Every structure is written in C-alpha cells, then in structure tokens.
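Scroll down for the structure; my scribbles are underneath it.
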DNA sequence: AAATATTTGTACGTATGTATA
DNA sequence: TTATACATACGTACAAATATT
C-alpha cells in the first residue's frame, strides 16, 4: 500500500470535515499558513489541495478574506446517456436496428429551427432500436450535412447513427431535455399501449456555434435514467 | 480587460484544439517540455494547465508515455434538481405547500428497504407543492430520524421539507432515478387526467454509509429537466 | 479616506521520485 | 537497462484583492 500524496491527504482531511458537518457552510477554513504548519509542508502543497476543492465546488476562496466552506449545492444529477446501441449491448441483449426513414433534403423551416441554421442540406433519420426482438427506443434525428458531409456515405441501416456520430464527429457541447410523454402514435412501433408513459430524451449537439445534430429518443416500457457519481 | 493567467491561456489553447477536432482522440499532446518552450514558461505552469484538463476528463496522462486526448465521452447530462420550492419561486410563482401526511413511526419493512436501515424511527411525509394555486408536484418523503432527529421539531406545513433538509443537513452523496410514470391515483391531486404522463424523480441521499432520506417527486403537466453546463 | 497588513493567486526555479516505453 | 515524461514537493517572489486600522 503506497502512501497517498500529501496534497491528497490534506484535501481529503478537509473534505471529510466539511462532509461530516463539523465545518458548516460559510465557515472559514484555516489559512494556507496554518495548514502549512499543521502538515509541515509548503504552501504550494496546501494550495494544490485547496484548489482541487474549489474545482469540486466545495469551498470558495477570496484574497485577503480566506477560504470558506461553500453553501450546500442544489442537487445535481449526472446521468449518463449512452448511445442506445451501447446501452442495449451493455444489458446483454443484441442490438437490432430498423431504419424507418432516411431522407436527404434541403432544410425545411422546421429543420432550420431545430438545428438553428439558415438552410443547407440535412439528413432526416428515423429508426427503431430493438433489444433482441423487443422494441427499445424510437429515434428521430436530424443531421446538419453542411458540418457532417461524411454522414451521406454511411449505411445507417447497419450502423447506429448515434454510435457513428459519437465515434466520428467531435462536438463541444450538448444540451438535453428529459421529459415524460405519452406513447400516442408511436405506440404500435414501441409495442406499448397508446396511453403508456414514455421517457423522452432530446439532445442538441453543438460544435462551437453550430448545431451538428438534433435527436429525440423515446423509450418504451419503464426505462429510467440513473445518476452516476 | 485584464489578461488571463498564463495557465488559463494554455489550458484554453489546448482545449480549443481538442474541441475543434484538430487533435483527435488518442492523439498525443506535446510534452510539458515542448509546451514550456512554446509558451516560454515554467513546467509548473504547463502542469497546472494540463492537470485542469485531466480534471475535466479531456485528457489522460501517463508517466513516461505522455499526455493524450481522452476518448470521446458518452453523453452526460448534468441536470439540476433544485428544491421544488426554489424552482417554483424561480419561475416567479409563489410556492404553496399542502402537507398531506406527517407521521412519525418505527420503520416498517418497506421503510427499512427504502432507507437501507435495520430499524429505528422515521418520518413519513407527503405534500403537494403548488405554484400559486396550480398543483406542481407531489412529494413523498421518508426521513431517517436516527440521523436527523431535528426533523421532529420542524413545522413542515410551513417549510418545504426539501429546502429545510438542504439547508440544515449535510450530505455526502445522492443518487437519482428519473422515469416516466402515469398519474394514476395521484391524478386528482395533481389536477391532470389519470392517463397523463408524469416525470418522476426519486432521490436517495446519503451521509457516508447511511441513508438520510428518500424522496419521490411526481411532477404535474409537461415538466421537463434541462441539462446545464 | 488612506495606509497597512493579511491572504490568496500566479509563477519562477529546482530537486527527487516513479512508472514505463 | 536506460532515458523519458509525468508526479510530487520544496522554497521563493511578487501581484492582486480586501479587511482592518
């Protein structure tokens, strides 16, 4: 067992005192000088430990004033939204894909709004992901072909659009919208009742200023998102 | 306009080259030595910039081997789940609270399972959050009174349980489950049709090994979660 | 209102350890 | 085995912000 680095030990010590409630929100931490003395180390080492805590949002630091335990954060859930194909496979099922629509066209007004573009060619895809034979999720996707011309040459009947994009197209930002919808007209495809509640995830993916793709995935059954970390 | 710190500039430069796709996943970054030369600075400064990128999960570093652009991550959505009262107020509505149940009891088998405890006193709450007069969310909550005895003395008819807990009880971890449910028996309280799809969030909150509280919130209407950051 | 002292922020240079291609 | 590249940590210095006097 190798000893943890000193800056890690200091960080964890401070972290533990905050987490236990011993040091409440707003409480002032010992100064770097004090911690130097306590741990008999240099200021850089203390600084590294405390800087890490700033990164985690656990403390705030102000010159001259000191370091303070940050106010308790609002709850944040980090949910992983893997490519549907990967998700199905990670559950031990085989991934099946039915390509329902594959249309290249000039962007309609609707496409322009979704992709935040003025015009240009887009690819309009719809597909049903199956876990084995069972319908798993319905996916509707728009791809901005101006930014991703290579998407024209891909056989999306064989390769999951999400997976291909993830592996081939770098993106900088994504925003998500998670909601509950009623299966409605998609019920037959999803193999559920028309009134069945479905989890729906929408994602807009960006590269710097421009939208690469918009996707809306509707999950059949009682699919749930679990937070990680 | 003050100039950004040098380590920030270096970090952002590297970040930009990764984000633009110029440096693809797996590609080796220049060594610290090379970056020192490029920016005419010390190794500590370069190290600080690259360490920050490790924190963001954008690069990986291996001794002797070098620094590498990390594989494209699966999509992650960070969703903020504020206390319901705060959420309603942030929308400019007044928060109303109807306390539907407030029971202190020894933990039932069901409570024990939800809170992962062997027994002991628990508080069982149910309340309806209103935005003005309109039903907004139905909340059912279990509080582990062994860990949070102070909850006995709070008037939850006046103070939102979530807000009180957030402000008074330090926690270390929380896991969430987000799903779509049908309003069903809660339809009347939520003021929606029985077949209305509802977004449901469950949260288990921990302090170190022990569960502090379990809460299940069912939102009326077409409430959606938006990712941040 | 101004000067001062305190505390963190940034950056330098150096040294040694450690994992590994 | 050895050279490489990152990891940790030392000490120092000055800058910037700000609480206190």
Worksheet, complete the sentence: residue B:89 and residue A:101 label points (each 7 Å along its Cα→Cβ direction) are spaced in nm at 4.4
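Of the peptides A:212-221, B:36-45, how do they stack up when ordered by the mean number of other Cβ atoms within 10 Å, highest first? Each step should come with its number before you reach the end.
On the way: A:212-221: 21.9, B:36-45: 13.6.
Answer by packing, highest mean first, reads A:212-221, B:36-45.
Could you work out, residue by residue across A:76-87, how many beta carbons of other chains sit within 10 Å of that residue's beta carbon, and then give the average as an integer? The partial results should precede the final answer.
Details: counts 9, 14, 7, 10, 5, 5, 3, 2, 0, 0, 1, 1.
If you average over the peptide's residues, the count of other-chain Cβ atoms is 5.
Ordered by packing density, taken as the mean number of other Cβ atoms within 10 Å over each peptide's residues, highest first, how do B:49-60, A:171-182 rank? If you can, show how the numbers build up before the last one.
Numbers: B:49-60: 17.2, A:171-182: 19.1.
Going by the mean number of other Cβ atoms within 10 Å, highest first, we get A:171-182, B:49-60.
Pairs of alpha-carbon atoms within less than 8 angstrom and 6+ residues apart define the contacts here; what relative contact order does chain B have, in percent? Walk me through the numbers on the way to the answer.
Values: 378 pairs, mean separation 36.0, N = 229.
Computed over chain B, the figure is 16 percent.
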Fill in: Averaged over B:166-177, number of beta-carbon atoms from partner chains that fall within 10 Å
5
Item to complete: Quick one: angle between helix B:6-19 and the longest Cα principal axis of chain B, in degrees between 0 and 90, rounded to 10, please.
Response: 80
Discussion item. For chain B, take the longest principal axis of its alpha carbons; what is the angle in degrees between that and the long axis of helix B:43-55, to the nearest 10 within 0 to 90?
Written reply: 30
Worksheet, complete the sentence: Simple spin-label estimate for residue B:222/residue A:13, 7 Å along Cα→Cβ, in nm, reads 5.5
Worksheet item: What average count of beta carbons from other chains do you get within 10 Å of the Cβ of residues in A:201-209?
Response: 2
Worksheet item: So how far, in whole Å, is the C-alpha centre of region B:161-227 from the one of region A:163-179?
Response: 27
Practice prompt. Just grab the label-to-label distance for residue B:71 and residue B:163, each label 7 Å out from Cα along the Cβ direction, in nm (one decimal).
Written response: 4.5
Practice prompt. Give the nm distances, rounded to one decimal, from residue B:66 to the matching residue in every other copy, measuring between label points 7 Å along Cα toward the beta carbon; shortest first.
Written response: 4.7
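With the cut-off at 1.5 for a/c, could you classify the protein assembly as shown from its C-alpha gyration tensor as rounded, prolate or oblate? The partial results should precede the final answer.
Values: a/c = 1.97, a/b = 1.02, b/c = 1.94.
The shape class here is oblate.
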Fill in: Solvent-free Debye scattering, log10 I(q)/I(0), computed from the Cα coordinates of region A:36-85 at q = 0.27 Å⁻¹
-1.09
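Place the peptides A:11-23, A:130-142 in order of packing, highest mean first, counting for every residue the other Cβ atoms within 10 Å and averaging per peptide.
Working: A:11-23: 16.2, A:130-142: 19.0.
In decreasing order of mean packing, A:11-23, A:130-142 become A:130-142, A:11-23.
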Discussion item. Starting from a Cα-only point model with no solvent, please compute log10 I(q)/I(0) by Debye for region B:50-188 at q = 0.17, 0.19, 0.20 1/Å.
Written reply: -1.03, -1.20, -1.29
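At a 10 Å Cβ-Cβ cut-off, how would you order A:201, A:81, fewest neighbours first? Spell out each step's value before the answer.
Numbers: A:201 25, A:81 19.
Ascending Cβ contact count within 10 Å gives the list A:81, A:201.
Just so you know, all these numbers are worked out from the coordinates, no wet-lab data involved. Here the structure is a predicted model, which means the values were calculated and not measured. Neighbour counts are summed over all protein chains in view; Cβ atoms, including those assigned to glycine, are modelled from backbone coordinates with ideal geometry.
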